[in-house]
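The values are calculated or read from the model by the stated rules, or taken from the named source; none is laboratory data. The shown structure was predicted, so the numbers you read here are calculated from the model rather than taken from an experiment. Ideal geometry is used to build each Cβ from the backbone, glycine not excepted, and the neighbour counts take in all protein chains shown. The area values use the complete protein model at the heavy-atom level, side chains included, leaving out ligands, DNA and RNA. Shrake-Rupley method; radii C 1.70, N 1.55, O 1.52, S 1.80 Å.
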Amino acid sequence: MHEASLAGSVLQLVEDAARREGFLRVRLLHLEAGQLAGVEVQSLRFALEALAPGTCLQGAELRIDE
């Protein structure tokens, strides 16, 4: 599942930024997925929501534009 791997990479980028910038929580994560990216938005959203508990993304609003 490509989207699960992508979600893991996004989470890692956000967690790295949180450590570097000194924030503990994300309120909104806004992503754009172009038509040629080959990303199933529903699957990406599901994967991000599944990985979020216990991270700085827990409880964050997820906006994914196509």
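Observations
- Any hit, region 6-16, residues being assigned to a helix (DSSP H, G or I), open to solvent by 70 Å² or more (accessible area, probe 1.4 Å) and hydrophobic (A, V, I, L, M, F, W, C): yes
- Meets criteria (part of a loop (DSSP other than H, G, I, E, B), of a type in the set (S, T, N, Q) and open to solvent by 30 Å² or more (accessible area, probe 1.4 Å)) for Gln58: yes
- Options Ala47, Ala33, Ala37; residue that is open to solvent by less than 30 Å² (accessible area, probe 1.4 Å), modelled with pLDDT under 95 and not polar (S, T, N, Q): Ala33
- Of all residues in region 36-50, those satisfying the criterion of being farther than 11 Å from Leu62 by Cβ and not small (Gly, Ala, Ser) are Leu36, Val39, Glu40, Gln42.
- Residue within region 30-50 that is touching a helix residue (DSSP H, G or I) at 6+ places or on another chain (Cβ under 6 Å), of a type outside the set (A, V, I, L, M, F, W, C) and part of a helix (DSSP H, G or I) present: yes
- Taking first residues from region 1-19 that are without any contact (Cβ under 8 Å) to a residue 60 or more places away in the chain and partners that are open to solvent by 80 Å² or more (accessible area, probe 1.4 Å) and hydrophobic (A, V, I, L, M, F, W, C), the Cβ contacts under 9 Å between residues at least 6 apart in sequence or on separate chains come to Glu3/Phe46; Ala4/Phe46; Ala7/Phe46; Ala18/Leu24.
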